[in-house]
1. Using a basic spin-label model with each label point 7 Å from the Cα along Cα→Cβ, how many nm lie between Arg279 and Lys116?
2. Taking a ≥ b ≥ c as the square roots of the eigenvalues of the Cα gyration tensor of the chain, is the shape rounded (a/c under 1.5), prolate (a/b larger than b/c) or oblate?
3. For a protection proxy built on the mean count of beta-carbon atoms within 10 angstrom, sort 94-103, 62-71 highest first, please.
4. Tell me, what is the percent relative contact order of the stretch 357-481, built from C-alpha pairs under 8 Å that lie six or more residues apart?
5. List the relative contact order of the chain as a percent without decimals, with contacts defined as Cα pairs under 8 Å and 6+ residues apart.
6. Please report the antiparallel percentage of DSSP beta bridges with both residues in the chain, rounded to the nearest 5.
7. Does the stretch 369-426 come out rounded, prolate or oblate by the C-alpha gyration tensor, with a ≥ b ≥ c the root eigenvalues, rounded set by a/c under 1.5 and, if not, prolate when a/b is larger than b/c and oblate if not?
8. Please report, to two decimal places, log10 I(q)/I(0) for the stretch 418-462 at q = 0.15, 0.18, 0.25 Å⁻¹ as given by the Debye formula with identical point scatterers on the Cα atoms and no solvent.
Amino acid sequence: SREVLAREAINHALKALKKRHLIEEGAHAPAYIALSRPIISQGSEWKEKAENLEMELQQCYKAQSRLSEQLVVEVAESRALKASLQEKETAIAELEKELNQTRDECSQLKTDLEEKIRALELLMIEHQELKAQLEQMAIKAKNAEAENKMLVDRWMLQKMQDAERLNEANALYEDMIERLKASGLEKLAREQVDGIVRRSEEGAEFFAESTVPSVCSHRINAHEGGCASILFEYNSGKLISGGQDRSVKMWDTSTGSLTHNLSGCLGSVLDLAITHDNRFVIAASSSNNLFVWDVSSGRIRHTLTGHTDKVCAVDVSKVSSRHVVSAAYDRTIKVWDLQKGYCTNTIIFHSNCNALCFSTDGLTICSGHVDGNLRLWDIRTGKLLSEVAAHSLPITSISLSRNGNVVLTSGRDNVHNLFDGRSLEACGTFRATGNRVASNWSRSCISPDDNYIAAGSADGSICIWSISKADIVSTLKEHTAPVLSCTWSGLGKPLASADKNGIVCTWT
């Protein structure tokens with residue numbers, strides 16, 4: 001330390017002075033010799049030497065003073081350095097402690113890392129095994145797809161043959177009808193529905209032949225923002241429409257005038273249904289609810305809640321006006337009791353349903369889904385009875401023929417197919433160049449006499465096919481926006497259509 005160094009410096013200085021004093025004593029030896037000389041003769045020399053020695057002694061005192069001052073300064077600096085050294089030693093001890101802790105943490109992290117590396121190696125091995133399994137499954141799936149394609153091709157060939165046979169049967173049926181007319185049994189043919197002769201039976205529906213429309217009789221600005229659903233009252237020329245402006249309106253098609261305005265819906269109307277006694281109108285809404293109006297009073301009778309997403313399809317039983325079925329984008333199909341006003345059964349399925357309808361016996365439901373499949377359900381148990389791959393893209397519409405034997409489906413693949421209502425076997429396929437389905441809820445229809453199909457297109461046209469001839473018999477052009485819905489009056493005419501701009505046209 002500096003204090004020790006200072007002490008050593010002082011001792012060294014004292015030794016030097018003592019040595020110098022001894023040297024000076026040796027130097028003064030001549031003076032002792034001169035003592036033998038007379039004092040008077042040597043007095044001046046002694047005096048001079050004494051003065052010199054006094055001056056040297058003063059210089060020694062000055063040097064000693066300087067060394068003392070330097071010693072004091074160095075002692076103070078030594079103490080300051082000692083305090084600083086203690087602080088640094090304390091800091092070093094703390095750093096050593098932190099270093100030990102860090103080493104312990106590093107050791108623990110190293111252990112954890114080794115465990116993670118071993119776990120990662122196990123995962124990599126499992127990944128390789130799963131990858132190998134996936135490759136095997138991909139090979140199996142590819143083989144199954146090829147086999148499925150071959151089976152589908154064989155199935156489609158068989159169905160085309162069945163459709164040809166059905167067309168031949170339809171031709172024979174038409175020929176038979178013509179013969180019946182010629183033999184004076186036209187009235188009997190008009191009364192025949194579902195193979196049962198109905199003359200005065202209560203509740204029998206009026207049967208009339210449909211005519212191919214060609215003229216737009218009325219162009220109605222029905223709704224703002226688009227009209228997605230229209231339908232006729234049973235055995236009536238009154239038309240019901242629902243649009244994005246959250247309103248449901250009833251029109252007299254003979255004059256094109258508005259007769260009723262049913263308000264209270266909280267969302268866009270995506271589909272409509274009416275009971276067979278024409279008493280209640282049901283609307284499927286984007287507000288996740290169904291609204292039931294009493295037509296006579298114009299007031300809401302029920303608000304059916306239970307769906308958790310927009311309701312896109314609704315239908316009423318053909319047997320009882322009490323049961324209603326609906327489908328929503330929450331992957332559910334619900335059955336409702338209108339008298340009680342609540343849900344009685346819920347069917348949950350992985351693919352959303354875009355369209356549905358009741359069978360004529362009211363015991364089954366036919367539904368069209370986003371995955372392109374047509375499915376048949378038991379309304380009482382909710383079990384899936386059968387299904388068929390009807391389209392390669394989502395189904396947008398399902399329409400049941402008047403006798404209930406045939407189901408018409410339309411899809412985003414721009415194809416319109418006919419299926420047997422019970423076995424779901426294909427009966428016919430209809431398509432046309434330029435006829436493109438406009439939305440996921442574009443509705444097509446079958447004429448009341450089951451002879452024609454009408455479907456709107458994204459270019460604003462409406463194509464009408466003859467079922468027996470499997471060919472287009474008319475193309476109607478009046479709309480300037482994509483046509484979203486078509487429906488035929490049960491009286492045989494008129495045909496009504498609605499487009500994305502909210503325009504409704506009636507055709508005769």
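1. Between Arg279 and Lys116, the label points sit 7.2 nm apart.
2. On the way: a/c = 5.45, a/b = 3.98, b/c = 1.37.
Verdict is prolate for the chain.
3. Top to bottom by mean Cβ count within 10 Å: 62-71, 94-103.
4. 15 percent
5. Across the chain, relative contact order equals 11 percent.
6. If I count the DSSP bridges inside the chain, around 100 percent turn out antiparallel.
7. oblate
8. Reported log10 I(q)/I(0), two decimals: -0.47, -0.65, -1.04.
The values are calculated or read from the model by the stated rules, or taken from the named source; none is laboratory data. Predicted, not measured: the structure shown is a model, and the values here were computed from it. We place every Cβ from the backbone using ideal geometry, glycine too, and count neighbours over all the protein chains shown. With ligands, DNA and RNA removed, areas are computed over all heavy atoms of the protein, side chains included. Shrake-Rupley method; radii C 1.70, N 1.55, O 1.52, S 1.80 Å.
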